[in-house]
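Comments concern the structure below.
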């Protein structure tokens with residue numbers, strides 16, 4: 001096969017082209033890939049079903065492109081409805097056999113800990129795959145992979161703590177509850193944090209004894225497929241974890257409507273989440289949805305402005321702004337507005353954007369041409385609405401999906417750039433005078449995923465945090481995740497929680513048992 005630059009990729013059969021599509025007599029289940037940092041590895045291309053990589057039944061493949069170079073990395077196999085059936089059948093059989101759901105909790109804990117260990121040992125390669133496939137800065141990717149290992153270990157620690165309770169109903173009955181796994185869980189993850197979202201879904205499902213069929217994002221399937229090879233090595237039985245690549249309209253639809261899927265977990269856009277919720281509701285499935293956001297980031301005059309500027313930078317430009325909880329609406333107390341905007345502008349213009357494999361890069365590429373075009377379209381919209389473009393708002397270079405970090409000032413609450421999720425490195429700055437005013441502005445959104453509060457006054461910080469309608473509030477920090485702290489949204493930002501003990505509740509159901517006792521002498 002030839003790359004877009006005409007370079008032959010070793011081990012790949014030459015593709016025939018018909019109507020702009022490529023068809024392979026037989027794509028290998030593993031292909032060699034050499035990354036820009038010199039790391040070479042074998043990339044799985046198949047569907048991971050029953051602890052094996054297999055070819056899609058219809059033999060279809062799709063292209064995976066590097067966002068930083070716009071060059072093809074490889075193809076992977078595209079699952080269709082018949083492949084979904086195979087994956088669900090494997091997961092269903094594994095669940096019903098009890099090989100995982102009825103195993104000693106310590107067996108599950110040992111396997112999850114081993115999986116975390118294998119990932120951590122291969123951290124640099126996995127982080128590089130994330131950077132190659134997603135376009136994010138390598139420093140961010142390394143942090144993501146470490147969070148993956150940390151979270152899997154956290155889930156392992158919960159395996160023997162999923163308890164019911166004894167209920168005192170008097171001496172005539174013995175009453176108690178137990179928590180049991182749901183069965184086969186369908187999971188659909190996004191492209192902005194490919195492996196971290198894989199862990200947030202797979203970890204709690206496995207800790208509670210479920211089996212899973214997980215669909216990767218079509219633009220970023222590589223890391224999840226790569227890490228899947230560690231599943232059998234960790235001692236996780238066949239059929240417990242199944243990973244399929246493909247397109248939402250086909251296999252996402254099949255997962256959300258299949259009668260053997262007992263629970264759907266989805267991270268992605270609010271519009272898609274609504275559709276999935278309708279599908280799942282029609283089939284009475286348990287659902288968790290982690291959806292969009294337009295998070296307010298509130299700066300009071302008494303905040304440490306230099307530290308706060310860096311928190312704002314992290315809140316909006318981290319991961320190229322492709323973060324559902326990004327602090328994209330910044331509200332600054334009027335008395336420090338001009339000073340703060342000047343310092344934020346200077347810091348923004350010093351953000352290093354470019355080669356994601358450069359350790360000094362903070363903001364890498366946007367993940368796709370579609371996302372880049374969407375961001376630039378919103379820049380046009382902001383200008384047309386009368387907002388002031390303070391800095392940025394342009395594509396950077398002619399190759400790769402790079403955009404300059406962008407600030408808009410002089411915005412009003414009815415502007416689309418204030419109301420709508422852009423999902424890129426674009427932030428709006430607004431003045432406020434009072435606590436009441438800023439809380440009203442912060443809550444004037446259909447979303448409610450996260451918020452930031454920056455102040456030295458802890459009483460003010462707690463008051464504002466309690467009154468802002470967001471699932472997470474960060475005080476004097478932002479995008480500051482911990483595996484023990486639950487994450488999820490209010491309103492149109494979703495249902496249910498990821499991480500913490502709350503995530504485990506999404507993957508279990510409560511059974512009550514009540515036994516009548518025969519008492520001696522009565």
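The values are calculated or read from the model by the stated rules, or taken from the named source; none is laboratory data. Quick caveat, the model's predicted, so the values are computed rather than measured. Note: ideal-geometry Cβ built from the backbone for every residue, glycine included; neighbour counts use all protein chains shown.
Values for this structure:
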item	result
Pick from the range 276-288, criterion in contact (Cβ under 8 Å) with a residue 12 or more places away in the chain and in a helix (DSSP H, G or I), ranking: farthest from residue 435 (Cα to Cα)	282
Which listed residue is modelled with pLDDT under 95, farther than 17 Å from residue 246 by Cα, in the same structural domain as residue 246 (by TED's automatic domain parsing) and out of contact with any helix residue (DSSP H, G or I) (no Cβ under 9 Å at 6 or more places or on another chain), from 8, 25, 91	25
Answer from 232, 221 - the residue that is more than 23 Å from the chain's Cα centre (by Cα) and farther than 22 Å from residue 277 by Cα	232
Residue in the range 467-479 that is out of contact with any strand residue (DSSP E or B) (no Cβ under 8 Å at 6 or more places or on another chain) and at pLDDT below 95 present	no
Residue check, residue 68 in a loop (DSSP other than H, G, I, E, B) and touching a strand residue (DSSP E or B) at 6+ places or on another chain (Cβ under 7 Å)	no
Residue satisfying condition, being outside the structural domain of residue 395 (by TED's automatic domain parsing) and surrounded by 21 or more Cβ atoms within 10 Å (Cβ to Cβ), within set 63, 70, 78	78
In the range 94-108, residue farthest from residue 154 (Cα to Cα) [restricted to those that are in contact with a helix residue (DSSP H, G or I) (Cβ under 7 Å, 6 or more places away or on another chain) and surrounded by fewer than 20 Cβ atoms within 10 Å (Cβ to Cβ)]	101
Qualifying positions in the range 279-295 - more than 14 Å from the chain's Cα centre (by Cα) and under 13 Å from residue 495 (Cβ atoms)	280, 281, 285, 286, 287
